[in-house]
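Colleague: Sharing a structure here in structure tokens format.
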Amino acid sequence: MAFLRFMALLEGSSLLLLLCVAMPLKYQYGMPEAVSWVGRAHGGLFLAFNAVLFYHVFKGHVSEMKGFIGFLASLIPFGTFIYKAKVLKDATF
């Protein structure tokens, strides 16, 4: 379960990196490849977070409702930070 929390943190952090570092590099300094690389990493971490989340749901470590909330949180910007803080904080595994 600690890995699920870690993945939520990584996925949310990759969005911050994309918005706060890669996008300014693209639009202010003319480096579109920054968004290309960071965007791919963010997409991969999004998929990895959801794979880990559904693995824990399948194994019964996380209820189906909490898994669904986690999936919805991954679709909302910075939702995984809130999911980690509010839903996963009391989870014992």
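The values are calculated or read from the model by the stated rules, or taken from the named source; none is laboratory data. Not measured: the values here are computed from a predicted model. Virtual Cβ from ideal backbone geometry, glycine too; neighbours counted across all protein chains shown.
Colleague: Can you confirm whether region 63-73 contains a residue that is closer than 13 Å to E11 by Cα and not aromatic (F, W, Y)?
Modeller: Within region 63-73 (the criterion being closer than 13 Å to E11 by Cα and not aromatic (F, W, Y)), the answer is yes, since at least one residue qualifies.
Colleague: Further, regarding this structure: What do you reckon, is F93 over 12 Å from the mean Cα position of the chain (by Cα), surrounded by fewer than 18 Cβ atoms within 10 Å (Cβ to Cβ) and modelled with pLDDT under 95?
Modeller: Yes.
Colleague: Within the set of pairs 6+ apart or on separate chains, which have a first residue in region 17-28 that is β-branched (V, I, T), a second that is surrounded by 15 or more Cβ atoms within 10 Å (Cβ to Cβ), and C-beta atoms under 9 Å apart?
Modeller: Matching pairs, first to second residue: V21/A34; V21/V38.
Colleague: With respect to L53, is the statement that it is loosely packed, with under 14 Cβ neighbours inside 10 Å and on the phi < 0 side of the Ramachandran plot true?
Modeller: Answer is no for this residue.
Colleague: Follow-up question, since we're still on this one. Give region 73-90 a look and list any residue that's of a type outside the set (V, I, T) and either surrounded by 11 or more Cβ atoms within 10 Å (Cβ to Cβ) or within 11 Å of the chain's Cα centre (by Cα) (or both), or say none.
Modeller: A73, S74, L75, P77, F78, G79, F81, Y83, K84, A85, K86, L88
Colleague: Quick one: R40 ticks every box in (1) without any contact (Cβ under 8 Å) to a residue 24 or more places away in the chain; (2) surrounded by 14 or more Cβ atoms within 10 Å (Cβ to Cβ); (3) within 15 Å of L10 (Cα to Cα); (4) not hydroxyl-bearing (S, T, Y) except a single one, so which number is it?
Modeller: Against the list (1) without any contact (Cβ under 8 Å) to a residue 24 or more places away in the chain; (2) surrounded by 14 or more Cβ atoms within 10 Å (Cβ to Cβ); (3) within 15 Å of L10 (Cα to Cα); (4) not hydroxyl-bearing (S, T, Y), R40 comes up short only on (2).
Colleague: For region 1-20, how many residues meet the condition of being more than 30 Å from G60 (Cβ to Cβ) and either loosely packed, with under 13 Cβ neighbours inside 10 Å or touching a strand residue (DSSP E or B) at 6+ places or on another chain (Cβ under 9 Å) (or both)?
Modeller: Number satisfying all stated conditions: 1.
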